[in-house]
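Okay, structure first, notes after.
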Amino acid sequence: MYQVYPRSFADDNGDGIGDLRGLIAKLPYLEDLGVDAVWLTPFYPSPLADGGYDVSDYRDVDPRIGTLEEFDELLRTGREHNIRVIVDLVPNHCSSEHPLFQAALAAGPGSPERDLFIFREGRGDAGDEPPNNWPSNFGGRAWTRAADGQWYLHLFDSAQPDFNWLNPAVPEFFEGVIRFWLDRGVAGLRIDVAHGMFKEEGLPDLAVPERSNRPNSYTHRPEIHELYRTWRSVLDSYPADDYPGERTAVGEVWADSPSTLAPYLAPDGLPQVFNFELITSPWKAPDIRAAVDATLALAGGSRAPWVLGNHDVTRPVTRLGSPEAARAAALLLLALPGSAYLYQGEELGLPEVTRIPDAARQDPRFHRTKGRSVGRDGCRVPLPWSPDGPAYGFSPADSPGSPVAPWLPQPDGWGTYSPPAQAGDPDSFYNLYRNALRLRRSVPALGAGALRWLESPDDTLVFARDPGFVCAVNFGSAPLPLPAHDTVLLSSAPLADGTLPPRAAAWLTGTAE
Ligand code: GLC
Ligand code: CA
């Protein structure tokens, strides 16, 4: 699964913002790379207080990104390239500009309109203290006061009011949205903040008012599983034998441990729930081994897919400390049993862009923490598609009024990461991903083969998958003598005298014990 952040993927009309036509034009690139499906992050009309995760109309396309007709064309052309599309559903909150929230503000305290959201009186004599001590995930408190004095809850930005999921009109509204997109022919959904939505009755204070992935009064509430059973039956009610086939959904569940994930993996729950272990675990052999074991014990990999990066976290090249480590991580990711999610640009080895001028930063986390958290813009910089030229090929060179600056600035030299700049080099990042994805299709063990650890020195991991596949990863600083093998299928760095250098991984064939 390849994650597309549409505003940063490819700009067809030269306004500096990625769009659906840009994505359609890149479908042959994605097919050649070897992906099966695209997860499209929000492309709906939005005031962009949070990169589109503040939706003001759940059933349309932002005019800056395209039209519903172009969305249909994306599905049709995707089918020609054997690429399915899943869309992002944002059910925890909407935009404060959404007509439902605007109606709630207008209708006043005690109204049925307000009960779709979470409005409360404040504390203190004048009601000028927020109703509880919950923090916003973006910094500051999770409450904002409306003009009439009531407060509304927003676990993210103040422009993202939380829905009241205990009001039956809310699940009814979202079931309509889900059917709208499934009827159009999407293969499924990615569910935003899938551990959220339900809040504990009475909205009690947190003992420690800090962000965490632990279950608390507003995350991992038990009611969520009943909701997912109903969504699963909606998904399963679509015919499996027609294109796009069985419909899926993947939940964004940030959990403190695999055991917190467990209830989401009930047989009648969501088809998939992310496991973020490769993002949250330290990049060290014992931690990664424990994370892999715990996840496989829960779900066998397919229902809790693997992921190294997304639009919310520091890019792997930077987070893991070097391009070498990120290349090794890619081979580990793609050798694990189950499905894998890639974030656009990971295949190009893009680093996090750390030098974005404050004035250009967009992420509400940067603004709400007054810059204490630099935010997530650095992994959202528009992709380079050519070695040079305006916006390094992100926008067309010949567009009227060009060059138009991309909506987030690209650093100098960004074009050296572009696919044409890498294609001719057999050792490039891009070719590593391309080769790995090809092998993933052709090596039978990389399908259903179970994982079996082999003995290996400290700071290394070696595992086999049957029949006849071995993956070796060197996390340490000493060369690792390769285990007995017949051939080297792929390695993330040149091998020296049959040893795997530090910060490298290799895929081997052979019958290892
Ligand atoms: C999810 C999204 C993130 C967004 C947040 C609020 O974590 O991945 O980008 O800011 O939800 O919708
Ligand atoms: Ca555009």
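The values are calculated or read from the model by the stated rules, or taken from the named source; none is laboratory data. Keep in mind that this is a model prediction, so the values were computed, not measured. We place every Cβ from the backbone using ideal geometry, glycine too, and count neighbours over all the protein chains shown.
Candidates are the residues of region 19-41 that are within 16 Å of ligand 1 (Cβ to nearest atom) and touching a residue at least 60 places away in the same chain (Cβ under 8 Å); the one that is nearest to ASN431 (Cα to Cα) is TRP39.
Does ALA285 meet the test of being free of Cβ contacts under 8 Å to residues at least 12 places away in the same chain and among the hydrophobic types (A, V, I, L, M, F, W, C)? Criteria not met by ALA285. Going residue by residue through region 44-59, is there one that turns out to be more than 27 Å from GLY345 (Cβ to Cβ), among the charged types (D, E, K, R) and surrounded by fewer than 15 Cβ atoms within 10 Å (Cβ to Cβ)? Yes, there is a match, as at least one residue in region 44-59 is more than 27 Å from GLY345 (Cβ to Cβ), among the charged types (D, E, K, R) and surrounded by fewer than 15 Cβ atoms within 10 Å (Cβ to Cβ). For region 123-160, filtering for residues that are of a type in the set (Ser, Thr, Tyr) and either within 25 Å of the chain's Cα centre (by Cα) or over 23 Å from GLY52 (Cβ atoms) (or both) leaves 2. Scanning region 246-259 for residues that are outside any strand (DSSP E or B) and in contact (Cβ under 8 Å) with a residue 60 or more places away in the chain returns ARG247, GLU252, ALA255. Which count do you get for residues in region 342-394 that are under 19 Å from GLY140 (Cα atoms) and in a loop (DSSP other than H, G, I, E, B)? Residues flagged as under 19 Å from GLY140 (Cα atoms) and in a loop (DSSP other than H, G, I, E, B) within region 342-394 amount to 11.
Look at region 349-372: where a residue is under 28 Å from PHE429 (Cβ atoms) and a partner is of a type in the set (Phe, Trp, Tyr) and in a helix (DSSP H, G or I), sitting 6+ places away or on another chain with Cβ atoms under 8 Å, you get GLY349/TYR417; GLY349/PHE429; GLY349/TYR430; LEU350/TYR417. Within region 374-415, the only residue that satisfies the criterion of being exposed (fewer than 15 other Cβ atoms within 10 Å of the Cβ), among the small types (Gly, Ala, Ser) and at pLDDT 95 or above is GLY413. Residues in region 25-60 that are within 12 Å of ligand 2 (Cβ to nearest atom) and under 20 Å from the mean Cα position of the chain (by Cα): 1 in all. Contact map, region 56-73: first residue more than 18 Å from LEU100 (Cβ to Cβ) and free of Cβ contacts under 8 Å to residues at least 24 places away in the same chain, second residue of a type in the set (A, V, I, L, M) and away from ligand 2 (no atom under 16 Å from the Cβ), Cβ cut-off under 8 Å, separation 6 or more or different chains; the map is empty. Listed by position, the strands (runs of 3 or more DSSP E) contained in region 1-111 that have at least 3 residues being touching a Gly at 6+ places or on another chain (Cβ under 6 Å) form an empty set.
Here ALA478 passes the criteria (1) among the small types (Gly, Ala, Ser); (2) part of a strand (DSSP E or B); (3) more than 17 Å from LEU439 (Cβ to Cβ) except the one numbered (2). Residues of region 99-113 that are of a type outside the set (Gly, Ala, Ser) and surrounded by fewer than 22 Cβ atoms within 10 Å (Cβ to Cβ): PRO99, LEU100, GLN102, LEU105, PRO109, PRO112, GLU113. If I ask for residues that are in contact with a Phe, Trp or Tyr (Cβ under 7 Å, 6 or more places away or on another chain) and surrounded by fewer than 16 Cβ atoms within 10 Å (Cβ to Cβ), which ones from region 238-288 would you list? Passing the criteria: only LYS284.
Looking only at region 178-202, filter to residues that are more than 21 Å from PHE274 (Cβ to Cβ) and surrounded by fewer than 21 Cβ atoms within 10 Å (Cβ to Cβ); which one of those is nearest to ligand 2 (Cβ to nearest atom)? The extreme case among them is ARG184.
Remark: ARG123 matches the filter, which requires a residue to be modelled with pLDDT of 95 or more, touching a strand residue (DSSP E or B) at 6+ places or on another chain (Cβ under 7 Å) and away from ligand 1 (no atom under 16 Å from the Cβ).
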